[in-house]
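> First the structure, then my questions, so here it is.
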Amino acid sequence: RAKEAGGARWTLYDARTNAEAVSRYTVSVRMPVALERGEFFLEYQPLCSLADGTMTAVEALVRWRHPLLGVLRPDEFVPAAEETGLILPLGRWILRQACAQAADWQRRYGDRAPQVNVNITARQARSKGLISDVGRILADTGLDPGLLQLEITEGTALGPRDESLRVLNALVDKGVTLAVDDFGTGWSNLAYLRDLPLSGLKLSSSFIIDPSPDPNADEEIGWRIVGGLASLSRSLGLTLTAEGVETAEIAERLLTMGCDWGQGWYFGRPAAAASLEALMLSTPPLVSVPPHVAGRTP
Ligand code: C2E
Ligand code: MG
Ligand code: MG
Ligand code: MG
């Protein structure tokens, strides 16, 4: 463990100071080998109802156990994989892995099995192969398509003529659902809200977690934006998930602002699949009833 060995830890830190260069080289050269050797793995993070704390869905998050650099986070290799096109084989592996896990939960937990959310990049959404890949993976795993939700970023929904619209529509025709990830950060034309067959929006954590807190900033403005986006979401019939929910106070506030679901450390950190199963076993309301609503449950 790097934690125990000061020397190893320093080496790791040192290697990561060149993250950009290392990652680009590493990704293009090592990724195909890494896929074959099973160096990638998925963690899952719960999405919970803000009203009663029950787990409604989980998001699959990819990690790379690099033999020299340790566990890499997706921000360190997904952008390079997207540029080089290696996201296509990696994305296929992620989908298959997540769907196999979801199908296993479906068999073991029935209607208590969570929806599984999988992130899809712009390049994947533009590739025609995605339609047949998803079709084959659903058939092979036996997963109910309604338990698979694809998360796309605002940048993916380019416009009415974009190929991704055709691909995403075809996937929704198969029964899969769609959500827009990091909603509110893309500076994009909101026409996609009309053009895409969406089921949900995931509000970027940047509205809630300010990365560079400015003591002069009026945080009430952030909350007013959240409230406005919540009523937009509601009027479109979409489920709004707030990301980056770290405390009970924030979960409570988001509920009063009209958000439906929350995701964040307060509900659970990304973790191995098995560690979420306790939440599926218990009858609703599932175990992690947040303290702020525990008093209200009958
Ligand atoms: P995302 O889809 O917005 O995923 C949520 C990110 O927020 C995750 O980071 C998660 O660990 C982090 N997070 C969750 N709760 C909290 C919280 O309470 N506080 C804070 N500060 N952070 C929280 P992660 O796993 O590093 O993923 C980063 C991004 O990488 C994801 O953002 C997603 O865009 C991308 N990504 C992750 N897995 C995949 C994948 O399988 N395929 C693709 N294409 N992209 C992925
Ligand atoms: Mg996501
Ligand atoms: Mg997100
Ligand atoms: Mg994000």
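> Just to check your reading of the model, which residue among VAL118, VAL78 is within 16 Å of ligand 4 (Cβ to nearest atom), in contact with a helix residue (DSSP H, G or I) (Cβ under 9 Å, 6 or more places away or on another chain), of a type in the set (Val, Ile, Thr) and within 30 Å of MET257 (Cα to Cα)?
None of the other options fit; the residue is VAL118.
> Within the range 182-197, count every residue that is touching a helix residue (DSSP H, G or I) at 6+ places or on another chain (Cβ under 8 Å) and either closer than 18 Å to GLN124 by Cβ or small (Gly, Ala, Ser) (or both).
Within the range 182-197, residues that are touching a helix residue (DSSP H, G or I) at 6+ places or on another chain (Cβ under 8 Å) and either closer than 18 Å to GLN124 by Cβ or small (Gly, Ala, Ser) (or both) number 7.
> Hey, among the residues in the range 143-202 that are of a type in the set (Phe, Trp, Tyr) and surrounded by 15 or more Cβ atoms within 10 Å (Cβ to Cβ), which one's farthest from SER132 (Cα to Cα)?
In this case the residue turns out to be PHE183.
> Moving to a separate point now. Quick one: in the range 246-298, of everything that is of a type in the set (Val, Ile, Thr) and at pLDDT 90 or above, which residue is surrounded by the fewest Cβ atoms within 10 Å (Cβ to Cβ)?
THR256
> I would also like to ask the following. With the checklist (1) over 21 Å from MET280 (Cβ atoms); (2) in a loop (DSSP other than H, G, I, E, B) in hand, flag the one item LEU171 doesn't pass.
(2)
> Take the conditions at pLDDT 95 or above, within 18 Å of the chain's Cα centre (by Cα) and not in a helix (DSSP H, G or I) and apply them to VAL134. Does it pass?
Details: at pLDDT 95 or above: yes; within 18 Å of the chain's Cα centre (by Cα): yes; not in a helix (DSSP H, G or I): no.
For VAL134, the condition - at pLDDT 95 or above, within 18 Å of the chain's Cα centre (by Cα) and not in a helix (DSSP H, G or I) - is not met.
> Does any residue of the range 201-219 turn out to be under 21 Å from GLY91 (Cα atoms) and either at pLDDT 95 or above or assigned to a helix (DSSP H, G or I) (or both)?
Checked the range 201-219: at least one residue is under 21 Å from GLY91 (Cα atoms) and either at pLDDT 95 or above or assigned to a helix (DSSP H, G or I) (or both).
> Still on this structure, I have one more. Considering each of GLU59, GLU82 in turn, give the residue that is of a type in the set (D, E, K, R) and either more than 21 Å from ILE152 (Cβ to Cβ) or modelled with pLDDT under 95 (or both).
Result: GLU82 is the single residue among GLU59, GLU82 that is of a type in the set (D, E, K, R) and either more than 21 Å from ILE152 (Cβ to Cβ) or modelled with pLDDT under 95 (or both).
> Further question: Here are ALA57, ALA98: which of them is within 16 Å of ligand 3 (Cβ to nearest atom), within 15 Å of the chain's Cα centre (by Cα) and in a strand (DSSP E or B)?
Going through ALA57, ALA98 in turn, just one is within 16 Å of ligand 3 (Cβ to nearest atom), within 15 Å of the chain's Cα centre (by Cα) and in a strand (DSSP E or B): ALA57.
> Select from the range 38-54 the residues that are in a strand (DSSP E or B) and either crowded, with 17+ Cβ neighbours inside 10 Å or within 9 Å of ligand 1 (Cβ to nearest atom) (or both) and list them in ascending order.
Matches in the range 38-54: PHE40, LEU42, GLU43, TYR44, GLN45, PRO46, LEU47, CYS48, SER49.
> Are any residues in the range 102-122 crowded, with 19+ Cβ neighbours inside 10 Å and within 29 Å of VAL27 (Cβ to Cβ), and if so, which ones?
ALA102, VAL116, ASN117, VAL118, ASN119, ILE120, THR121
> Please find, among LEU232, LEU193, LEU240, LEU178, the residue that is within 16 Å of ligand 1 (Cβ to nearest atom), on the phi < 0 side of the Ramachandran plot and out of contact with any Cys (no Cβ under 6 Å at 6 or more places or on another chain). Give the derivation first.
Values: LEU232 fails: within 16 Å of ligand 1 (Cβ to nearest atom); LEU193 fails: within 16 Å of ligand 1 (Cβ to nearest atom); LEU240 fails: out of contact with any Cys (no Cβ under 6 Å at 6 or more places or on another chain).
Just one listed residue meets the conditions, LEU178.
> Also, quick follow-up: For the range 130-142, enumerate the residues that are among the hydroxyl-bearing types (Ser, Thr, Tyr) and surrounded by 13 or more Cβ atoms within 10 Å (Cβ to Cβ).
Within the range 130-142, just THR141 meets the criteria.
> Shifting gears a bit: Considering the range 237-266 alone, what residues qualify as being in a loop (DSSP other than H, G, I, E, B) and aromatic (Phe, Trp, Tyr)?
Answer for the range 237-266, where residues must be in a loop (DSSP other than H, G, I, E, B) and aromatic (Phe, Trp, Tyr): TRP265, TYR266.
> Shifting gears a bit: Before we move on, is GLU4 modelled with pLDDT of 95 or more and either surrounded by 14 or more Cβ atoms within 10 Å (Cβ to Cβ) or out of contact with any helix residue (DSSP H, G or I) (no Cβ under 8 Å at 6 or more places or on another chain) (or both)?
In short, no.
The values are calculated or read from the model by the stated rules, or taken from the named source; none is laboratory data. These numbers were taken from a predicted model, which means no experiment stands behind them. Glycine gets a Cβ as well: all are built from the backbone with ideal geometry, and neighbour counts include every protein chain shown.
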